[in-house]
Structures are given as structure tokens and as C-alpha cells.
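Worksheet: one structure, shown below.
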Amino acid sequence: MLTSGLVMADEEVVELVELSAFPVYAGSFLEGSATAGQLSDRMAREVRVDMQSRGGVRYQTDISIRGGIFEGTGLAIGGLALFDPQTGHYFSEIPLDPAFFGAASLLTGVENGVRGFNSTAGTIDWTWAPVSSGGNSWFRLGTDSWYGAGIRQSGNVGDGQFEVALTHEQGDGSIPFADFEMSRISARYEQQLGSGKLRIFGGYVDKFYGWPRMYTGFPLNETDHYAVSLLGWQWETGNQSNGSFHRIGGYWRQVDDDYEFSRESPNNFFEHKTEVLSLQGDGIVTLNTTRLVYRWALLQDEILRSTSLVNGRFSERKYGEGAVLAVQDFETDWGELSAYGGFGIDASSEDSTVGLPQVGVSASGVSDGAFWKVYLEYSETSQVPGYTVLNSGTSGLFGGNPDLGRELAETVEAGISYQMESVIAKLVLFQREDIGLVDWVYSSDTPSSRQASPVDMTVKGLEGLLRWELDSTALELGFSLLDKDEDYRNSMIDASYYALNYARQRLLATLEQQLMEGLVLRVEGEYREHPDNALRTGGDEALILNMELIWQDFLSEGWALAIRGTNLGEEDFQSIPGTPAPAREGAMTLSYRW
């Protein structure tokens, strides 16, 4: 069934609220596959999410949703919104093992307005997976001296369950000066506490990678080395009889980053250490046919140390957000009609406070054994820029602007979805008005002098998903069409480094074919076409092909072998203009579960 916001309570699935979002389906990732090194890997096959990487998923990856930029994206785990105050480039660094999580919901429109944090385009919310008994280990060998290993173990401690995972990977990379090394340790503990469940989790990742022209686009061998620490807790409780649900939690997150624009001449200029503390809560109160969906968040960040982010007006900031949405259901002869409306408030100690209305209507029903749903909604969201924008020097390759303030987005979207036994389909049309979007802009005559500036932009999009399953075959197609109309507010500016680097047309095709019992072949194709960009060398179109063969229980029960090849045609399209694309790569992963 098409649902969203699925969470675990007392080992049962409780529906938090179903509006416009829907989960990322199995075609977007193979759940349990050992080939996923971090959570962001799983979003590579989601057409509404664009993973623009500097080197690939093991390196640095910008995550954008619906043609937004990376800082307009929110990430959450079990409803707890994570945050990086320095830059959205590090949003994807979640130092927890992917096995801790199941499906994800992509929240857009009203759901992002109610359940997102400091995100204008959308939020990816990962659902905690149940702690399962036993464990698994894996070993990987790949091209260019790539190797890695990991182990995960779970068990019982008193009245609770624990799970701990260790991972290490390193290699030379698919092009010169593209070596990488990553080590991660993460754990969680769960137990019943009163009428609900208490979860404690934490992780630490140390990650180094190099990539030529990574950020500057200049012929420099750049590197980045950072450590990310996360420690958090969450308590949740639900009432199966009436659908009420409540949870509260918090976390501490720290990032210690050292970027070098030339590995041959290291210095201490671009070094930063930031910290975030947060307390959040959300849930549903059910009153007959009315549901009240609520969420609140308190957050404080601080630059603990920086050698370059020293030019702004402040180095710490407090945030507060709250939202309430009323959902009223009406039974009709043909199905169910739902009307929903509410209001959110976003506030900050250093920025303006705004009110954000949310409103929509949906209709759903079952016809000839098929579930269908249509909806129409309007939402407003906001965010404030990070410290790289606010505290960088006002000139240079990336010049900051300490006077930039809150960004707003107004979104109208309508969609229809359909599901029967073997077919899932959805089609969405949307328009988003980005007001004061903070982007790095420049004149095409002087592309090496980029400035953080507000841009007004209209984004129009059409996106669709079709998944078909029959016996041993599954086919998933996703497409998105985007168009942008921009106003730089400055006649001297005619180019954008991030906001206008988007796929006007994007098509994803994924085929999963069971060749025999336990043996699955997966073929992934992607076509994309971008607007012209003066900084991009090569063409503006790309056709990328990946293949993966997974053999479960191939030696005996518990053993699995995965062989994966990426960019088999050696497509050299630059997803970040001026930054080289990764070459062909391959890896073999042997795993054993017990």
C-alpha cells in the first residue's frame, strides 16, 4: 500500500500520516545488499533526487531534490532532522551503518513543510529497521586497489537489543589523485521503556578523499578529510487502536573538517569544526475522523573553530520550528476524501521569523482491486543560509555575503497514484517559487569569481514513476522534466554555479531479473540532459550504464556474492561543471550472514 512516514513501534508498523509522499521502493535499492556503503548510496536510483558527486558515492555527494540545490535538501533518521551548519556539502555524511535502516520516504510539499527542517525543496526521512538477531560480515575487492571489509553483530543485553557495525574501505580511485579511505563505527540500543520504546544510537566516521578540480575547477589536486560524530536518542510510543503516535528525541553532531585545495602544498586555511545540539518531537493526535499532526524542533549550532569562516556577524545560532496540521477524513460512496490544512513557524536568533501555511486535499479509493489516489496542495517552506555563505570572505573564488537572510519557497503540486497487485505508478506536476534562494553566481566573463547572492527562481516540473513486477521480473522507470526561469537581481550576473546545474530531462530505467533461485541480475540505465554551462567541458548529455549480479546462498545458506560494475561505458559527463567524472569501476563483495 502507498504510505509515507512509516515508523516502528512495539515491532508493529504504524502509519504516521499519508499525504503526498511515498516511499522509495525496492527498485531504488536492493534492501540488504552489501554493496551500499552509506545511506546516500540508496538514493542513486530515485529520479526525484539528483546525486551530484565529486568522485562518486564514496567521495563527496551533493543531494538535490526537484531541481533545488544541495542546501535546500533535508535529511532525517526516524523523523529526527539532521543538520550541518557549515555547508550542505556534508549533509550526506550520516555515520551510521545502512543496515540500521529500512525504507525511506521522500517528503515534498506539505509533508516537507510540516516534517522537514530548514529545507525548501524536500526531505529524505529514513525509517529505522527492527534490530534483527545475528549479524553479517563482508569483504570487498575492486578495481584500482579498492578493498574493504565490515562486520555487524546484534544481540540481547538485559531487556534490550543492541547492534554494532564496523566498516573500513580504501582505494586509489578511478582517476589519478583520487585515493580514498573511510573507517566507520556505529551502534544502537533499543528497549521497551514504559508504554514505548527507547532508542540510543551513535556513530563516528573518519573519511579522506582526493579528487582533481573537486571544488575549484582549477587544475589542482584537492583533498578533503573530515571526522563526523553523532550521538542521539529517541523515545516513541503509539496506539494501534486509534492511530495516535508520539516521539521525542535529540542528538549531538560534530564535524571536524580539513580541506586542502592543493595536496602538494597543504596549509591550515580551510579548517573548520562545528557542533549541533538538537531536541525534537512529533506525532499524531487522533480525534474521531480528525488527525492533528504536529512537529517541533529546537536546535543550536556553533563554529567551534575555523581558519577561514571568520568574516560574518556571528558564529553560533539558535533555531526553533513548529508546525500543526489538521487532517479531516470524509467517507463517500466512491472512497475517502481528506482535507488538510495547518501552519508552521520558523524562527532563528539571527534571522527573521516567518509563518508558513500548508493546505491540501486528496481523494482515494479502491476500484476493481486497484488502489488510486489524487491530491492537490499548496505549501510554503523556508531556510537560512549556512556559515560558508555567511562567514566566507566577500571576494575570491567563492565570496560570502554576511547580509543574506531567510530564503522562502512556495510550492503548488498535484499528483495521481495507482497501485494494483503487480503495478505501481505515480505522476506529479509541480511549480516551486524560490524567493531569495542563496546560490553562488558569477559573470560568464569572469567564472573564477563567484559570489553568494539571492536568486529568484521559478521551477516547473513533471515527474513520474512506474514499477511493474511479474513472477521473476521487475522493471522500474522514472522520469523527470524540469524547467527554470531565473532572476539574478543583478544585470551583471548571468551564470549560476549550482542552481542552474540541473537535469532538464532525466530518465532512469532499472531491470531486475531472477535468473534462477537466489540469482538476480540487475541492470541500471540513466539518461540526463543539462542546460549549457560555460564551466563544463565535454557535452551536456550523459548515458550511464551499471550492472550488478547478486547470488544469495551461493555456497551454502547465509553466503552471498555481489559483483557490480558502474559506468560501464565510461561516460565522462561532469555532474559538477569543471570536475572530472569517475571512470569505469567494478567490485566483488562476498558476505556471510548468521
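Structure values in brief
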{"item": "In segment 497-551, the residues that are within 26 Å of G72 (Cα to Cα) and charged (D, E, K, R)", "result": "R504, R506, E526, R528, E529, D532, R536, D540, E541"}
{"item": "Odd one out for L555, checked against (1) modelled with pLDDT under 95; (2) more than 27 Å from Y147 (Cα to Cα); (3) open to solvent by 20 Å² or more (accessible area, probe 1.4 Å)", "result": "(2)"}
{"item": "Hits in segment 149-165 - residues which are open to solvent by 50 Å² or more (accessible area, probe 1.4 Å) and among the acidic types (D, E)", "result": "D159"}
{"item": "Check on R432, surrounded by 16 or more Cβ atoms within 10 Å (Cβ to Cβ), more than 22 Å from Y502 (Cα to Cα) and in contact with a Ser or Thr (Cβ under 8 Å, 6 or more places away or on another chain)", "result": "no"}
{"item": "Residues within segment 498-533 that are more than 24 Å from the chain's Cα centre (by Cα), in contact (Cβ under 8 Å) with a residue 24 or more places away in the chain and in a loop (DSSP other than H, G, I, E, B), tallied", "result": "2"}
{"item": "Answer residue from segment 191-201, given it is over 15 Å from F100 (Cβ atoms) and among the hydrophobic types (A, V, I, L, M, F, W, C) and is least open to solvent (accessible area, probe 1.4 Å) among those", "result": "L198"}
{"item": "Conditions (1) of a type outside the set (S, T, Y); (2) in contact (Cβ under 8 Å) with a residue 24 or more places away in the chain; (3) in a strand (DSSP E or B); (4) touching a Leu at 6+ places or on another chain (Cβ under 9 Å); number of the one not met by I94", "result": "(3)"}
{"item": "Restricting segment 435-466 to residues that are in contact with a strand residue (DSSP E or B) (Cβ under 9 Å, 6 or more places away or on another chain) and of a type in the set (V, I, T), the residue that is most open to solvent (accessible area, probe 1.4 Å)", "result": "I435"}
{"item": "In segment 389-423, the residues that are charged (D, E, K, R), touching a Gly at 6+ places or on another chain (Cβ under 8 Å) and in a loop (DSSP other than H, G, I, E, B)", "result": "R406, E421"}
{"item": "Positions within segment 211-257 being of a type outside the set (F, W, Y), closer than 19 Å to F91 by Cβ and open to solvent by 50 Å² or more (accessible area, probe 1.4 Å), in sequence order", "result": "H225, L231, D256"}
{"item": "Inter-residue pairs, beta-carbon under 6 Å, first touching a residue at least 24 places away in the same chain (Cβ under 8 Å) and in segment 256-282, second part of a loop (DSSP other than H, G, I, E, B) and small (G, A, S), 6+ apart", "result": "F269/S308; F270/S308; D282/G79"}
{"item": "Positions within segment 525-539 being surrounded by 16 or more Cβ atoms within 10 Å (Cβ to Cβ) and either at pLDDT below 95 or among the aliphatic types (A, V, I, L, M) (or both), in sequence order", "result": "N533, L535, R536"}
{"item": "Which listed residue, of F343, F330, F430, is part of a strand (DSSP E or B), at pLDDT 95 or above and either under 25 Å from L292 (Cα atoms) or of a type in the set (D, E) (or both)", "result": "F343"}
{"item": "Segment 166-190: number of residues that are open to solvent by 60 Å² or more (accessible area, probe 1.4 Å) and within 14 Å of W211 (Cβ to Cβ)", "result": "4"}
{"item": "For E570: the one exception among (1) more than 23 Å from the chain's Cα centre (by Cα); (2) surrounded by 15 or more Cβ atoms within 10 Å (Cβ to Cβ); (3) at positive phi", "result": "(2)"}
{"item": "Unique residue being of a type in the set (G, A, S) and out of contact with any Pro (no Cβ under 9 Å at 6 or more places or on another chain) when the list is G569, G578", "result": "G569"}
{"item": "Set A323, A363: member being free of Cβ contacts under 8 Å to residues at least 40 places away in the same chain and either in a strand (DSSP E or B) or open to solvent by 50 Å² or more (accessible area, probe 1.4 Å) (or both)", "result": "A363"}
{"item": "Any hit, segment 579-589, residues being surrounded by fewer than 19 Cβ atoms within 10 Å (Cβ to Cβ), under 27 Å from the mean Cα position of the chain (by Cα) and either polar (S, T, N, Q) or closer than 30 Å to G155 by Cα (or both)", "result": "yes"}
{"item": "Counted residues, segment 467-524 - those being among the hydroxyl-bearing types (S, T, Y) and open to solvent by 40 Å² or more (accessible area, probe 1.4 Å)", "result": "2"}
{"item": "Cβ-Cβ under 7 Å pairs, at least 6 apart or on other chains, segment 394-406 side under 20 Å from M214 (Cα atoms), far side of a type in the set (K, R) and surrounded by 17 or more Cβ atoms within 10 Å (Cβ to Cβ)", "result": "L397/R450; F398/R450; G399/R450"}
{"item": "Condition met for L482 (touching a Gly at 6+ places or on another chain (Cβ under 9 Å), over 21 Å from S422 (Cα atoms) and assigned to a loop (DSSP other than H, G, I, E, B))", "result": "no"}
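One line per residue, one yes/no per condition, for (1) buried (at least 24 other Cβ atoms within 10 Å of the Cβ); (2) part of a loop (DSSP other than H, G, I, E, B); (3) without any contact (Cβ under 8 Å) to a residue 24 or more places away in the chain:
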| residue | (1), (2), (3) |
| --- | --- |
| V57 | no, yes, yes |
| G74 | yes, no, no |
| H89 | no, no, no |
| A99 | no, no, no |
| L106 | no, no, no |
| E111 | yes, no, no |
| F117 | no, yes, no |
| T127 | no, no, no |
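The values are calculated or read from the model by the stated rules, or taken from the named source; none is laboratory data. What you are looking at is a predicted structure, and each value in this text was computed from that prediction instead of being measured. Every residue, glycine as well, gets a Cβ built from its backbone with ideal geometry; the counts of neighbours run over all protein chains shown. Quick note on the areas: whole protein, heavy atoms, side chains included, nothing else; ligands and nucleic acids left out. Shrake-Rupley method; radii C 1.70, N 1.55, O 1.52, S 1.80 Å.
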